[in-house]
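Taking it in order: structure first as structure tokens, then the write-up.
The values are calculated or read from the model by the stated rules, or taken from the named source; none is laboratory data. Keep in mind that this is a model prediction, so the values were computed, not measured. Methodologically, a virtual Cβ is constructed for each residue, glycine included, from the backbone with ideal geometry; neighbour enumeration extends over all protein chains shown.
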Amino acid sequence: MKYVRAIENAVRKHDPKALERLYNKISNDETLPLDITQAHLGFIEDMLKTWEQREKERKEQAEREQAERIQILKEMHHIMINMSNEDAYMDWIAYGIPDEPTDDDFDFIAEDPESFADCVKWFFDVGHEYRKSGLCL
């Protein structure tokens, strides 16, 4: 029962490392412990594959969201560059995106949810304040 309980605890806690350690320990023994069957090993394999797939999907989703945030920042910066008001642009580079930003600058800001939210808020604040100047697009 000790292995079954350990498996249940690892699954309940969503701890793939603990589950993988258990699997390696159990599967490396020449004979299975009394409380473990081939079905248990299959279950562990399935759980590890499922968790691995979910983690892969989560990372892919995070990468897509990061790319979207970078694109939004670049578009906002493009609008601010082309706004026909130098004061608005100066405010933007003072509190939003740095002057002549690199891809690393956009990536750095997009990585941090708070920095990204601050830039979006600042973009709308600056845009609202200076919208009477119009845009030169």
Would you mind telling me which numbered condition in (1) in contact with a strand residue (DSSP E or B) (Cβ under 9 Å, 6 or more places away or on another chain); (2) under 30 Å from Ile26 (Cβ atoms); (3) aliphatic (A, V, I, L, M) Ile79 fails? (2)
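Considering each residue of the stretch 1-31, count those that are in a helix (DSSP H, G or I) and of a type in the set (Asp, Glu), and give that number.
Final tally of qualifying residues: 2.
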Considering each of Lys74, Lys59 in turn, give the residue that is modelled with pLDDT of 90 or more and within 30 Å of Asp125 (Cα to Cα). Lys74
Of the residues that sit in the stretch 87-102 and are touching a residue at least 12 places away in the same chain (Cβ under 8 Å) and closer than 16 Å to Gln71 by Cα, which one is surrounded by the most Cβ atoms within 10 Å (Cβ to Cβ)? Gly96
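Report yes if some residue within the stretch 32-54 is in the same structural domain as Phe123 (by TED's automatic domain parsing), touching a Ser or Thr at 6+ places or on another chain (Cβ under 9 Å), part of a helix (DSSP H, G or I) and surrounded by 15 or more Cβ atoms within 10 Å (Cβ to Cβ); otherwise report no. Quick ask: steps written out before the conclusion?
Residues of the stretch 32-54 in the same structural domain as Phe123 (by TED's automatic domain parsing): none.
No - not one qualifying residue is present in the stretch 32-54.
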For the structure I just gave you, tell me whether Asp107 is within 22 Å of Ala62 (Cα to Cα) and loosely packed, with under 14 Cβ neighbours inside 10 Å. no
